[in-house]
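This report concerns only the one structure given below.
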Amino acid sequence: MGAVRSKICGITRPEDAIVAAQAGADAIGLVFYAPSPRAVNVQQAREIIRALPPFVTVVGLFVNASACEINETLDAVPLDLLQFHGDESPEQCSGYHRPYIKALRVRPGDNLEAACERYGSASGLLLDAFVEGVPGGTGLAFDWNLVPAALPKPIILAGGLTPENVSEAIERVRPFGVDVSGGVELSKGIKDAHRVQAFVKAVRSWR
């Protein structure tokens, strides 16, 4: 496998975006879901993006948002990639002229091969922990043994990752990328620069 990509999600401040970029993260995530403690509005998102250097992918996260809401956000915010965490159909995900990834909350018995086929238009699938009523950002890991080897879509592993366990997670799952939010925070939405640096270093040093 090639180099594993890293995404720091739930960025709410320009200084945290800069820390992630300087650490070598490949992407940052902006949460456009008002109930989340890590949610940002359009103005905050624009300020964060303005602070970024080039070659850092900006991912916008949505949960069962209306097409109107998503299009209004895209008109105002230069997002590179969309991430859907709700019950969106493949048709709903692919209607915005942007590549997208679909998040799945993994439970025993889930058919991830079938999900790859259903979301064939996705750039990849993000696998997160299942917690009833919570679309993501739980800080909980799931059983990595539930992920079959050699799925036909790039897999981004999320859920309970930290600088301390991400190397083991990569070893077990062999994902295309890893996604962290709570595992590198001082408090919800406020990143810890040292933990961000340690996380990205662990990912980049994995072989």
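Checked against (1) modelled with pLDDT of 95 or more; (2) open to solvent by 20 Å² or more (accessible area, probe 1.4 Å); (3) closer than 19 Å to residue 22 by Cα, residue 205 passes all but a single condition, namely (1). Restricting region 65-92 to residues that are among the small types (Gly, Ala, Ser) and part of a loop (DSSP other than H, G, I, E, B), which is surrounded by the fewest Cβ atoms within 10 Å (Cβ to Cβ)? Taking the candidates together, the pick is 66. Would a scan of region 123-132 turn up a residue that is under 20 Å from residue 176 (Cβ atoms), among the aromatic types (Phe, Trp, Tyr) and within 18 Å of the chain's Cα centre (by Cα)? No, every residue in region 123-132 fails to be under 20 Å from residue 176 (Cβ atoms), among the aromatic types (Phe, Trp, Tyr) and within 18 Å of the chain's Cα centre (by Cα).
Return yes or no: is residue 22 assigned to a helix (DSSP H, G or I), closer than 21 Å to residue 177 by Cβ and of a type in the set (S, T, N, Q)?
Yes, satisfied.
Note on region 148-181: among residues that are touching a residue at least 40 places away in the same chain (Cβ under 8 Å) and among the charged types (D, E, K, R), the one that is least open to solvent (accessible area, probe 1.4 Å) is 179.
Residues checked against (1) under 18 Å from the mean Cα position of the chain (by Cα); (2) open to solvent by less than 40 Å² (accessible area, probe 1.4 Å); (3) modelled with pLDDT of 90 or more:
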| residue | (1), (2), (3) |
| --- | --- |
| 104 | yes, yes, yes |
| 117 | no, no, yes |
| 183 | yes, yes, yes |
| 190 | yes, no, yes |
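Residue check: is residue 132 open to solvent by 20 Å² or more (accessible area, probe 1.4 Å) and at pLDDT below 95? Yes, satisfied. Considering 95, 60, 109, the condition of being closer than 18 Å to residue 33 by Cα and of a type outside the set (S, T, N, Q) is satisfied by 60 alone.
Selection of region 106-131 for residues being polar (S, T, N, Q) and farther than 20 Å from residue 4 by Cα yields 111, 121.
The residue list 27, 45 contains one member that is open to solvent by less than 30 Å² (accessible area, probe 1.4 Å), of a type in the set (A, V, I, L, M) and in contact (Cβ under 8 Å) with a residue 40 or more places away in the chain, which is 27.
The values are calculated or read from the model by the stated rules, or taken from the named source; none is laboratory data. Given the structure is predicted, the values throughout are model-derived calculations rather than measurements. Heads up, the Cβs are rebuilt from the backbone with ideal geometry, glycines too, and the neighbour counts pull from every protein chain shown. Protein only, heavy atoms only, side chains kept; ligands, DNA and RNA dropped before computing areas. Shrake-Rupley method; radii C 1.70, N 1.55, O 1.52, S 1.80 Å.
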